[in-house]
Each structure stands twice: as C-alpha cells, then as structure tokens.
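**Q** Mind looking over this structure? Questions follow.
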C-alpha cells in the first residue's frame, strides 16, 4: 500500500515543481537593452541637469573639420569670377632693381608664397606681366619687361608649378601702376604682376 501511494505521488510532485518554476519565471522581466553612451569627449552632455544629474545621454559625436592653414581656408576662391579674383588678387607682385631682371631674395620669397597659392588652386592659369619704369626707349623696356616676366615664370616652374599654366607678356613702360615721375613711383613700376586668366 505504501509503495502504491509513493508511486502515484511522483507525477503530482513533478507537476507541482513545473508550476512553481513557471510562476517564478513569470515574475522576472526580460533584460532591457540600455543605450550605449559615447566616449567622453570633454563636451557637456545634453539632456541632463545643470549639475550633471541624470536624464539624457551625451549627444552623438560628430566629426570636427580638420584645421587647414589660413591661406587654404577660403573655399570661395575657386568659385569666384576671374574679374573678382584679379580685383582683390591673392598674388603679390614682384619688384626689380633698376635696369635688372634678377630676382632679389625678397622677390623669391614672394614667388614662394605665390607658388603655394598656385599649387592649391590647380585649375588657375596665370599671366605674368612684365613692367618697367618710364626711363629708356619703348623697345628697350619691352625687352626688359619680357625678361622680368620670364625670370618670375622660371622661378615658379622651379618650385613645381607646371609651365603650361604660366603665360608671360611684356608691357614695357606702357601701363605704369604709379603715374609719378620720381624714384618712388619708378620703383613701384618695375615689377612682374600676376593676373589670373581664363584657360
């Protein structure tokens, strides 16, 4: 009799265990995925209290632009018209000593800076204009202006600017920048002037 009671209790006990386990599991909630907080960038998080209290998560990290040298920052240069560019030219002129087409140390430094601009804006084609002061004959000054323009061109090419992007022209003494008739005016008129030209 005892054996029959024990054997009939087996299924009842097993059923009871199953019910207990099911009831215990019903009380547990499935785990909730928590948002992953981005790494601390030093910027204050948004959505929290002023004292740093709870509530929000830090704003998503956005890529900050890479800093560029000041000379390369003006992206509008490439989209401006040729006339606008030449009106407010990014290029500095090169000055020469009297009756000379030799580049001084200062002239080479100016051309170094101009070559950097040309290497940045690779679509630009330039014309180097050779100019002279009013002294001397028109023929002599045309030849001297050409030598000045070619000297500037050769130096830019030596710095890596393609020769195909540089044209030269001589105006001699025909278009002075300063209409004066003294040494100060003459010094300003002995120059190689760079203009951006259409291709």
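**Q** Conditions first: (1) modelled with pLDDT of 95 or more; (2) within 34 Å of the chain's Cα centre (by Cα). Residue 101 passes all but one, so which condition is the exception?
**A** (2)
**Q** Which pairs do you get when a residue that is touching a residue at least 40 places away in the same chain (Cβ under 8 Å) and at positive phi, found in segment 99-124, comes within reach of a residue that is outside any helix (DSSP H, G or I) and surrounded by 13 or more Cβ atoms within 10 Å (Cβ to Cβ), reach meaning Cβ atoms under 8 angstrom, with the pair 6+ apart or on two chains?
**A** Close Cβ pairs satisfying both conditions: 99/136.
**Q** Would a scan of segment 130-138 turn up a residue that is touching a residue at least 24 places away in the same chain (Cβ under 8 Å) and either more than 20 Å from residue 179 (Cβ to Cβ) or out of contact with any helix residue (DSSP H, G or I) (no Cβ under 8 Å at 6 or more places or on another chain) (or both)?
**A** yes
**Q** Hey, among 102, 133, which residue is outside any strand (DSSP E or B) and surrounded by fewer than 20 Cβ atoms within 10 Å (Cβ to Cβ)?
**A** Criteria check complete, one pass: 102.
**Q** Sticking with this structure for a sec: Testing residue 125 on (1) out of contact with any helix residue (DSSP H, G or I) (no Cβ under 8 Å at 6 or more places or on another chain); (2) surrounded by 15 or more Cβ atoms within 10 Å (Cβ to Cβ), one condition comes back false. Which one is that?
**A** For residue 125, the exception is condition (1).
**Q** Please work out if residue 169 is surrounded by fewer than 17 Cβ atoms within 10 Å (Cβ to Cβ) and either in contact with a strand residue (DSSP E or B) (Cβ under 7 Å, 6 or more places away or on another chain) or assigned to a strand (DSSP E or B) (or both).
**A** So residue 169 fits the description; yes.
The values are calculated or read from the model by the stated rules, or taken from the named source; none is laboratory data. Everything numeric in this text was worked out from a predicted model, so none of it was measured. Neighbour counts run over all protein chains shown; Cβ positions are idealised from the backbone, glycine included.
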